[in-house]
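Only the coordinates and a few stated rules stand behind these numbers; no lab work does. From a predicted model like this one, the values you see are computed outputs, not experimental measurements. Quick reminder, even Gly has a Cβ in these numbers, built from the backbone with ideal geometry, and neighbours come from all protein chains shown.
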Amino acid sequence: MENKITKKVIVLYDSECGFCNKIALYLKEKDTDNSIVWEERNSKVSSKLFKNHSINKEEDSIIVMINKDYLIKSDAVIYILKLLKFKTYYLLKIIPKKIRDIVYDSIAKNRYLFGKCNLKNDNLIK
């Protein structure tokens, strides 16, 4: 049996947002290696993670935690896409971060227009 060194990757997502939930479900299905732990940002586990990583709980972003480091906004999205082997991450990576984050913030600001999702999906939390 091989001894693989793997990074622990945790994604905190907004489970109150229908758009965020749908994206998280889609990406979870694509994560055939189960390389990501998906966690609702309003859970008790998330509260501990915010504190342990010294992240402002008011940060309005998807958050990717890799061991002791973390990424937010477009950098977090690009990391997830790269980890899941989506080739679109190459295209996003060449766009300047400032522009990517403006687009990210615009989508994040309007994400509730897609509707609130009251569905809880136990498949996302591992």
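Could you please find all residues in the stretch 7-32 being of a type in the set (S, T, N, Q), closer than 13 Å to Leu84 by Cα and under 13 Å from the mean Cα position of the chain (by Cα)?
none
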By residue number, the members of the stretch 47-63 that are of a type in the set (Ser, Thr, Tyr) and within 21 Å of Lys109 (Cβ to Cβ) are Ser61
Those residues that are touching a Lys or Arg at 6+ places or on another chain (Cβ under 6 Å) and of a type in the set (Phe, Trp, Tyr), I need them from the stretch 17-37; list them, please.
-> Phe19
